[in-house]
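**Student:** First the structure, which I've put down as structure tokens, then a few questions once you've had a look.
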Amino acid sequence: MPKKPAPAFASSNLEPAAQRHIAVVGAGIAGITCARTLIQAGHRVTVFEKSRSAGGRMSTRSTEFGSFDHGAQYFTVRDERFEHALATATGLVRPWSANTVRVLDDSGQVVAASLPAKESHWVATPGMNALVLQWAQPLLDADRLVLDTRVVYIEEDKLDPQRWQLQTDGPGAGVHSGFDAVVLAIPAPQAHALLRDSEQAAALSADVAGVNVAPCWTLMVAFPQAQQPTLQSLGPQWNAARSTHHRISWMARESSKPGRGPIERWTVQASPAWSQRHLEDDAERVKAKLLKAFAEVTGIRAEPPYASVHRWRYAQTTRPLGKTHAWDADARIGACGDWCLGHRVEDGFVSGLEMALAIA
Ligand SMILES: Cc1cc2nc3c(=O)[nH]c(=O)nc-3n(C[C@H](O)[C@H](O)[C@H](O)COP(=O)(O)OP(=O)(O)OC[C@H]3O[C@@H](n4cnc5c(N)ncnc54)[C@H](O)[C@@H]3O)c2cc1C
């Protein structure tokens, strides 16, 4: 990890005439990285986010038993620029000794073998959402991040056809106009829907159409009867596993991550194929099936006092765009996100950064 922290926003020498007002849609790691970089280059940015806080799929659910990272579980760092950016989040990013195994399902029989760690697993503390929240705070303080506001339509500005305007719903519903450029930092299917409906964005719409993103049903369970360090954990000795069980592809012991509470908690991700097949199923039915699979794989048969499921309609890229971002310089509209390059947190960061560099 880097040792040299950099300032949150570096100053820029941009001439006022060259300064542009850019709308960024989506406050996940891609959108916030893009917005921060554009501001560092001297531009004015307004970020629109449909949820009540920034973070996107790097999210954390708080419960009376402790937190769950029900989106991204951890991240890896391969790009030097990501490493440098993480240095601005001093004390917030910590390594997680995941002690991962591969679990083979054989009619309920479990065979586990240690997976050698190829690279370090990093987590934000106290929850995965903390990293983007910290990076988004200066935007929030400067009133440049509009929360609880979904962008539903993008079109040319009625008063100035050289610019863009956005229609939004939610508490901040209305028309926001006067943008020199628009960046969609949202999952590809959602970006495609907005672009397809906009006359001026046809070229970009075609670019994004080929991307595929799979869903993921996620189960969260807590066992307050088992607490560290007084009582040993329930079930397996490993903290995370990739699974070939027909329902489950990944599970992790949340309480083994640094800076989390001591109550034994697991996050379980259904496989992309199973999630797709059961996408529209009733949540209670999905919960019952995933609990059964969890018991089969971990051997933990105790009834969890807390069990909940979350459906990610767009979770993991299965066919990426194949380039860092999409940018139509004539129409001044772009799209970025993890789906440009893959399905990792770092892909979102690199895509948001490259998108901003292309504009700036
Ligand atoms: C279950 C799951 C497990 C994962 N595990 C890992 C892992 O272990 N390691 C890893 O590296 N990655 C993992 N990932 C992937 C990782 O979470 C993503 O790569 C990363 O968070 C994507 O960031 P992003 O900014 O591109 O998109 P997002 O985080 O999806 O951000 C998009 C934002 O746009 C907002 N939005 C959408 N539409 C609109 C609209 N119309 N108007 C306004 N706002 C809008 C959304 O609310 C969201 O906040 C996982 C993802 C999931 C779902």
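Just so it is clear, none of the values below were taken in a lab; they were calculated from the coordinates. Note that the structure is predicted; figures quoted are calculated from it, not measured. Note that each Cβ is placed from the backbone with ideal geometry, even for glycine, and that neighbours are counted across all protein chains shown.
**Student:** Quick one: Kirkwood hydrodynamic radius for segment 142-225, alpha-carbon pairs, angstrom, one decimal? Could the numbers behind the result be given before it?
**Tutor:** Values: mean 1/r = 0.0666 Å⁻¹.
Computed over Cα pairs of segment 142-225, the Kirkwood hydrodynamic radius comes out at 15.0 Å.
**Student:** Where both residues lie in the chain, what percent of DSSP beta bridges are antiparallel, nearest 5?
**Tutor:** Details: 52 of 70 bridges.
Rounded to the nearest five, the antiparallel share is 75 percent.
**Student:** Multiply the residue separation of Leu140 and Lys323 by 0.36 nm, subtract the distance between their alpha-carbon atoms, and state the gained length in nm to one decimal. It would help to have the intermediate numbers written out before the result.
**Tutor:** Details: separation 183, 0.36 × 183 = 65.88 nm, distance 3.00 nm.
Full-extension gain reported as 62.9 nm.
**Student:** How do the peptides 322-328, 64-70 rank, highest first, by the average count of neighbouring beta carbon atoms within 10 Å per residue? Intermediate values should be presented prior to the final figure.
**Tutor:** Numbers: 322-328: 18.4, 64-70: 21.0.
Listed from highest to lowest mean packing, they are 64-70, 322-328.
**Student:** Also, I was wondering about something else. Would you mind putting 289-297, 94-102 in packing order, based on average other-beta-carbon counts within 10 Å, highest first?
**Tutor:** Numbers: 289-297: 19.9, 94-102: 16.8.
Top to bottom by mean Cβ count within 10 Å: 289-297, 94-102.
**Student:** Could you work out how much longer the chain between His84 and Gln225 gets when fully extended? Use 0.36 nm per residue separation minus the Cα distance between them, nm to one decimal. Write down the numbers at each step before the final one.
**Tutor:** Numbers: separation 141, 0.36 × 141 = 50.76 nm, distance 4.12 nm.
Between His84 and Gln225, full extension yields 46.6 nm more.
**Student:** Continuing with the same structure: Go ahead and estimate [θ] at 222 nm for the chain from helices alone: -39,500 (n - 2.57) per DSSP H run with n ≥ 4, summed, over the residue count, rounded to 500. Kindly include the intermediate steps, with their values, before the conclusion.
**Tutor:** On the way: 8 runs with 84 residues, N = 360.
Mean residue ellipticity at 222 nm (helix-derived): -7000 deg cm²/dmol.
**Student:** Between Glu199 and Gln167, what is the label-point separation in nm under the 7 Å Cα-to-beta-carbon projection?
**Tutor:** 1.3
**Student:** When ranked by the protection proxy of mean other Cβ atoms within 10 Å per residue, highest first, what sequence do the peptides 137-146, 277-286 form? Don't skip to the answer; put the middle values down first.
**Tutor:** Values: 137-146: 15.9, 277-286: 12.9.
With the highest mean Cβ count within 10 Å placed first, the list reads 137-146, 277-286.
**Student:** I would also like to ask the following. Evaluate E = 1/(1 + (r/R0)^6) for Glu119 and Asp148, where r is the Cβ-Cβ distance and R0 equals 25 Å; express this FRET efficiency to the nearest 0.05.
**Tutor:** On the way: r = 37 Å, r/R0 = 1.47.
The pair Glu119/Asp148 has a calculated efficiency of 0.10.
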